[in-house]
Amino acid sequence: MLELRLVQGSLLKKVLEAVKDLVNDANFDCSTTGFSLQAMDSSHVALVSLLLRSEGFEHYRCDRNLSMGMNLGNMSKMLKCAGNDDIITIKADDGSDTVTFMFESPTQDKIADFEMKLMDIDSEHLGIPDAEYHSIVRMPSGEFSRICKDLSSIGDTVVISVTKEGVKFSTAGDIGTANIVLRQNTTVDKPEDAIVIEMNEPVSLSFALRYMNSFTKATPLSETVTISLSSELPVVVEYKVAEMGYIRYYLAPKIEEEEDTKPE
Amino acid sequence: AAAKKKTPQTTNLSRSPNKRKIGETQDANLGKTIVSEGTLPKTEDLLEPVSDSANPRSDTSSIAEDSKTGAKKAKTLSKTDEMKSKIGLLKKKPNDFDPEKMSCWEKGERVPFLFVALAFDLISNESGRIVITDILCNMLRTVIATTPEDLVATVYLSANEIAPAHEGVELGIGESTIIKAISEAFGRTEDHVKKQNTELGDLGLVAKGSRSTQTMMFKPEPLTVVKVFDTFRQIAKESGKDSNEKKKNRMKALLVATTDCEPLYLTRLLQAKLRLGFSGQTVLAALGQAAVYNEEHSKPPPNTKSPLEEAAKIVKQVFTVLPVYDIIVPALLSGGVWNLPKTCNFTLGVPIGPMLAKPTKGVAEILNKFQDIVFTCEYKYDGERAQIHFMEDGTFEIYSRNAERNTGKYPDVALALSRLKKPSVKSFILDCEVVAFDREKKKILPFQILSTRARKNVNVNDIKVGVCIFAFDMLYLNGQQLIQENLKIRREKLYESFEEDPGYFQFATAVTSNDIDEIQKFLDASVDVGCEGLIIKTLDSDATYEPAKRSNNWLKLKKDYMDSIGDSVDLVPIAAFHGRGKRTGVYGAFLLACYDVDKEEFQSICKIGTGFSDAMLDERSSSLRSQVIATPKQYYRVGDSLNPDVWFEPTEVWEVKAADLTISPVHRAATGIVDPDKGISLRFPRLLRVREDKKPEEATSSEQIADLYQAQKHNHPSNEVKGDDD
């Protein structure tokens, strides 16, 4: 028996919007600690890892660990039927092949039940090693989203370089090049507007902008975003989900063209 | 922020060979190892025990760096490398080859796709038929020795087929969909892939080169032969809304998992353009030979001189009557090759390869060939060959000469037959020609009219072009197989089984005579009523039905054979020269090629610039203009001195007539068959029509060209000397 009641239903709606572009089908895993998802995009280039801790739910009952395969497009269709102020409850019986989403209006005068079929998904649950990152950048999520959008109108690859000077996002395309540099700035009115750059070692990596742009779909979830970089390692783009968890995107870097021509 | 904990795995996250196995173990006991404690699992703890039991993927690009897992990686690395280093063993003579030494996987384990891809790669460097057959044979033997249940899939992939031809199952993927899949799987833009495709002319090479700048989070499972083949069948099954999208995603999932030379061959397989210089016939031969080495079930019959050749022949022969690997392969494994003709018999509903006739040049030649033998002459109707199966349950299937299902094209044929078969007839296979017919004027109409009929899902009420069935052979009747019977008996059964109804169903007009004048008159009469000429068949000795064979017991004689090389030939335009003067703006001449079935290549045979009306030239030029490619295909064989202005995809088939054939230093047709270095070319070629019913691969074969040349030499020895290329 599974019953998860989330007062802030809009969070779940936003989470789904942040994931569904990257992944079509995924397994949601429920355990006593929380509600989580881990999935790769079909090209195995990006990985999304979501966690909503049990404490964040008003009511959290999960008798035994359960893995539910869902089509995220369909799930999103259903969640779109919930009002932004609605309380969402996720329910499933053990061994059932369906999951129920219940939407309650704040005034309790409307209750909607949506039942969705589950699917069998071959999931590859992949351990992601914790890493020591050379550089960590925290910045307003809106700013990051804007940068990715702007750069993708020029090129398809972004080079993110962190140096003493700050963090530089650059791209090149047929029509020209673009460079955007952000410097550390902690003297702001609101803490979420700060740009904090923690650099142990300078680092410079290339990534496909297409993926970055789908990560920024998580912008509504959090005012800030944290970007952690290390040479030759996937970048981690993390958005906190209220006080209850996070959504982390991992993206494998592109390697330089020269290596391309090397014999394998 | 990220944890400051240095783990040894961090340096090769993108292409880690062993990490992915964590996932698998978790799958096995789902629920136990779900993310806990609000952070991702500490891999160090997870990884170590897991990778022990794991059978990690080898990937050449993973860097064995750290000491801790170094040893294991060395082991994992060696998997691909081991296979790569051993693959050359396949080139050994089958007698010296030991499948045990070749296999790099456990018995019963799914055969890795890489193994087949590497074998293909080995073949791509060979041109000798015997070596290629040996490699294929040894490859199949390795599969039989380890995982025989994967043999069907391996054979299908080698033959580059998805399902028996008559099932009409095709991958149905356009080049643009493959381009999309490649660009998405490898993180390239579509434009880039397209551009490279124009440059390289082979999407397979593009795919191979695209595996590149984008690294991956985790490497997917290595592909297996069965996985690839099953996915192909799933792709073929996708239909309806979003089917292209679904096909693309399935291809993408395969492409993402490819390594080494796999993308090259996977892409070519998807395009159904393997082009490694061997054909389905070679695969059958290799299969037969592999079965001999695997023989536990039966011994070759005593006095078998060369069991290998004999076995190859048996498998090929059985395939002509039952072209279904899914039945033949298991029968080979369980019953052995010597029992195959007994265990695999032809089956109602499965098309048999139609028997074909050899061209001849005149009545005299026929009398010469059929001395002292009783033979019969039949009209050769100009329509579409059809093999009609009538099942016990009352349903019909109609197959074309290529075993394609034409049932939906000819509902009227089925209707006529069910009306005109006699009540005693419960099941049959009929060999016949379906011909367009004007029932008012009681006249046979030319093939061109027939080709205007719709091809699929024809509704009886919408039919504008009526057809008449001209039946000439009966292969099966009421549960009884007839192909081993003489034509005389088969024909009697045929005549007994149907009522004629002129304009709907008729028996092919026939005469039995050995009088030269009478035959000549019969030939003239056949041409008068709109036939192409005659087919001459042995009647009561050496007169069995020989499936899929161009037999000496059936000869064809066309009216216009006499003044030229005999039969017209069907050739593929592969290049063209810009027109000048009056022909500015269109192509002035085209380069034609025949098709070498064994080597799977198009060989140039002549330039053609005559026989075109202006309208036809316009039409052909504009139709081919959309097929222009930047560089010739790798499987084009063209003399160096020709230098055409543009090259084409092989798409059209043209029926061409020529004065005669001659040895040519320029053209490459049938090189190696008649002359070791020189090819054959056509003199004074003239375009008759476009063969819409033929695919480029069904063009006249190099072997047929060589036969025509030999026949001509035989009949007119003087021609050879004056031969001179135009």
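The values are calculated or read from the model by the stated rules, or taken from the named source; none is laboratory data. Being a predicted model, the structure only gives us computed values, none of them experimental. Here the Cβ positions follow ideal geometry from the backbone for every residue, glycine too, while neighbour counts run over all protein chains shown.
When you scan the stretch B:132-142, do you find a residue that is more than 19 Å from the chain's Cα centre (by Cα) and among the hydroxyl-bearing types (Ser, Thr, Tyr), even just one?
yes
Might you let me know whether the stretch B:305-323 holds any residue that is over 18 Å from the mean Cα position of the chain (by Cα) and part of a loop (DSSP other than H, G, I, E, B)?
Yes, the stretch B:305-323 contains a residue that is over 18 Å from the mean Cα position of the chain (by Cα) and part of a loop (DSSP other than H, G, I, E, B).
Is there a residue in the stretch B:99-112 that is in contact with a helix residue (DSSP H, G or I) (Cβ under 9 Å, 6 or more places away or on another chain), in contact (Cβ under 8 Å) with a residue 60 or more places away in the chain and within 23 Å of B:Leu308 (Cβ to Cβ)?
no
Within the stretch A:22-37, can you find the residues that are more than 10 Å from chain B (Cβ to nearest Cβ) and of a type in the set (Gly, Ala, Ser)?
Matches in the stretch A:22-37: A:Ala26 only.
If B:Val228 satisfies every condition in (1) within 30 Å of B:Val628 (Cα to Cα); (2) crowded, with 21+ Cβ neighbours inside 10 Å; (3) away from chain A (no Cβ under 14 Å) but one, which is the exception?
Against the list (1) within 30 Å of B:Val628 (Cα to Cα); (2) crowded, with 21+ Cβ neighbours inside 10 Å; (3) away from chain A (no Cβ under 14 Å), B:Val228 comes up short only on (1).
Quick check on B:Arg637: is it modelled with pLDDT of 85 or more and within 26 Å of B:Leu203 (Cα to Cα)?
yes
Scanning the stretch B:667-688 for residues that are in contact with an Asp or Glu (Cβ under 6 Å, 6 or more places away or on another chain) and surrounded by 17 or more Cβ atoms within 10 Å (Cβ to Cβ), which turns out farthest from B:Cys594 (Cα to Cα)?
Step by step, filter the stretch B:667-688, then rank; the result is B:Arg683.
Suppose we keep only residues that are at the interface with chain B (Cβ under 10 Å from one of its Cβ atoms) and of a type outside the set (Ser, Thr, Tyr) within the stretch A:208-239. Which one would you say is nearest to A:Ala252 (Cα to Cα)? Walk me through it before giving the result.
So the first thing to find is which residues in the stretch A:208-239 are at the interface with chain B (Cβ under 10 Å from one of its Cβ atoms), and the list is A:208, A:210-211, A:226, A:228-234, A:236, A:238.
The next check asks that each one be of a type outside the set (Ser, Thr, Tyr); those that pass are A:208, A:210, A:229, A:232-234, A:236, A:238.
Numbers: A:Ala208: 9, A:Arg210: 13, A:Leu229: 11, A:Glu232: 8, A:Leu233: 7, A:Pro234: 4, A:Val236: 9, A:Glu238: 15 Å.
Top of the filtered list is A:Pro234.
Go through the stretch A:139-180 and report how many residues are out of contact with any helix residue (DSSP H, G or I) (no Cβ under 7 Å at 6 or more places or on another chain), over 24 Å from B:Glu184 (Cβ atoms) and surrounded by fewer than 19 Cβ atoms within 10 Å (Cβ to Cβ).
10
Sort through B:Asp614, B:Asp660 and tell me the only one that's without any contact (Cβ under 8 Å) to a residue 40 or more places away in the chain and more than 30 Å from B:Lys194 (Cβ to Cβ).
Just a single option satisfies the conditions, and that option is B:Asp614.
Exactly one of these conditions fails for A:Val19: (1) facing chain B (nearest Cβ under 10 Å); (2) touching a residue at least 40 places away in the same chain (Cβ under 8 Å); (3) within 11 Å of the chain's Cα centre (by Cα). Give me its number.
(1)
Quick one: which residue in B:Ile144, B:Ile179, B:Ile123, B:Ile130 is under 30 Å from B:Thr347 (Cα atoms) and in a helix (DSSP H, G or I)?
Details: B:Ile179 fails: under 30 Å from B:Thr347 (Cα atoms); B:Ile123 fails: under 30 Å from B:Thr347 (Cα atoms); B:Ile130 fails: under 30 Å from B:Thr347 (Cα atoms).
Answer to the selection: B:Ile144.
Within the stretch A:113-134, track down each residue that is of a type in the set (Val, Ile, Thr) and at the interface with chain B (Cβ under 7 Å from one of its Cβ atoms).
Once the filter is applied, which keeps residues that are of a type in the set (Val, Ile, Thr) and at the interface with chain B (Cβ under 7 Å from one of its Cβ atoms), the stretch A:113-134 yields only A:Ile128.
Within the stretch B:211-219, identify whether any single residue is free of Cβ contacts under 8 Å to residues at least 60 places away in the same chain, within 13 Å of chain A (Cβ to nearest Cβ) and over 30 Å from B:Glu649 (Cα atoms), and answer yes or no.
Yes, because at least one residue in the stretch B:211-219 is free of Cβ contacts under 8 Å to residues at least 60 places away in the same chain, within 13 Å of chain A (Cβ to nearest Cβ) and over 30 Å from B:Glu649 (Cα atoms).
Any residue that is closer than 29 Å to B:Phe602 by Cα and of a type in the set (Asp, Glu) - is there at least one of those in the stretch B:236-259?
no
Of everything in the stretch B:605-664, what is among the charged types (D, E, K, R), under 23 Å from the mean Cα position of the chain (by Cα) and in a loop (DSSP other than H, G, I, E, B)? Give them in sequence order.
Result: B:Lys633, B:Glu649, B:Glu652.
Being within 15 Å of A:Glu143 (Cα to Cα) and hydroxyl-bearing (Ser, Thr, Tyr) is the filter here; which residues of the stretch A:215-253 pass it? Give the derivation first.
Of all residues in the stretch A:215-253, those within 15 Å of A:Glu143 (Cα to Cα) come to A:215-227, A:237-239.
The answer is A:Thr216, A:Thr219, A:Ser222, A:Thr224, A:Thr226, A:Tyr239.
Test each condition in (1) under 30 Å from B:Gln627 (Cα atoms); (2) in contact with a Phe, Trp or Tyr (Cβ under 6 Å, 6 or more places away or on another chain) for B:Ala185 and report the one that comes out false.
It fails just one condition, (2).
Filtering the stretch A:135-178 down to residues that are assigned to a loop (DSSP other than H, G, I, E, B) and in contact (Cβ under 8 Å) with a residue 24 or more places away in the chain, which residue is nearest to the other protein chains (Cβ to nearest Cβ)?
Among them, the one singled out is A:Asp156.
Which numbered condition trips up B:Ala285, out of (1) within 11 Å of chain A (Cβ to nearest Cβ); (2) of a type outside the set (S, T, N, Q); (3) within 24 Å of the chain's Cα centre (by Cα)?
Result: B:Ala285 passes all but (1).
So is B:Leu223 within 12 Å of chain A (Cβ to nearest Cβ), crowded, with 18+ Cβ neighbours inside 10 Å, of a type in the set (A, V, I, L, M, F, W, C) and in contact with a helix residue (DSSP H, G or I) (Cβ under 9 Å, 6 or more places away or on another chain) or not?
So B:Leu223 fails the test.
Can you find even one residue in the stretch A:178-187 that is more than 15 Å from A:Pro140 (Cβ to Cβ) and either out of contact with any Lys or Arg (no Cβ under 7 Å at 6 or more places or on another chain) or of a type in the set (D, E, K, R) (or both)?
Looking through the stretch A:178-187, at least one residue is more than 15 Å from A:Pro140 (Cβ to Cβ) and either out of contact with any Lys or Arg (no Cβ under 7 Å at 6 or more places or on another chain) or of a type in the set (D, E, K, R) (or both).
Residues that are assigned to a loop (DSSP other than H, G, I, E, B) and surrounded by 19 or more Cβ atoms within 10 Å (Cβ to Cβ): does the stretch B:240-257 have at least one?
Yes - at least one qualifying residue is present in the stretch B:240-257.
Going by what's in this entry, would A:Ser214 be described as in a helix (DSSP H, G or I) and in contact with a strand residue (DSSP E or B) (Cβ under 9 Å, 6 or more places away or on another chain)?
Details: in a helix (DSSP H, G or I): yes; in contact with a strand residue (DSSP E or B) (Cβ under 9 Å, 6 or more places away or on another chain): yes.
Yes; evaluated as a whole, the condition is true for this residue.
Which residue is farthest from B:Ala185 (Cα to Cα), if the candidates are limited to the stretch A:38-58 and must be more than 9 Å from chain B (Cβ to nearest Cβ) and assigned to a strand (DSSP E or B)?
Filtering the stretch A:38-58 for residues that are more than 9 Å from chain B (Cβ to nearest Cβ) and assigned to a strand (DSSP E or B), the one farthest from B:Ala185 (Cα to Cα) comes out as A:Leu52.
Restricting to the stretch A:23-40, name every residue that is crowded, with 21+ Cβ neighbours inside 10 Å and either within 21 Å of A:Leu251 (Cα to Cα) or aliphatic (A, V, I, L, M) (or both).
Once the filter is applied, which keeps residues that are crowded, with 21+ Cβ neighbours inside 10 Å and either within 21 Å of A:Leu251 (Cα to Cα) or aliphatic (A, V, I, L, M) (or both), the stretch A:23-40 yields A:Ala26, A:Asn27, A:Phe28, A:Ser36, A:Leu37, A:Gln38, A:Ala39, A:Met40.
B:Ser158 - would you say it is of a type in the set (S, T, N, Q) and buried (at least 22 other Cβ atoms within 10 Å of the Cβ)?
yes
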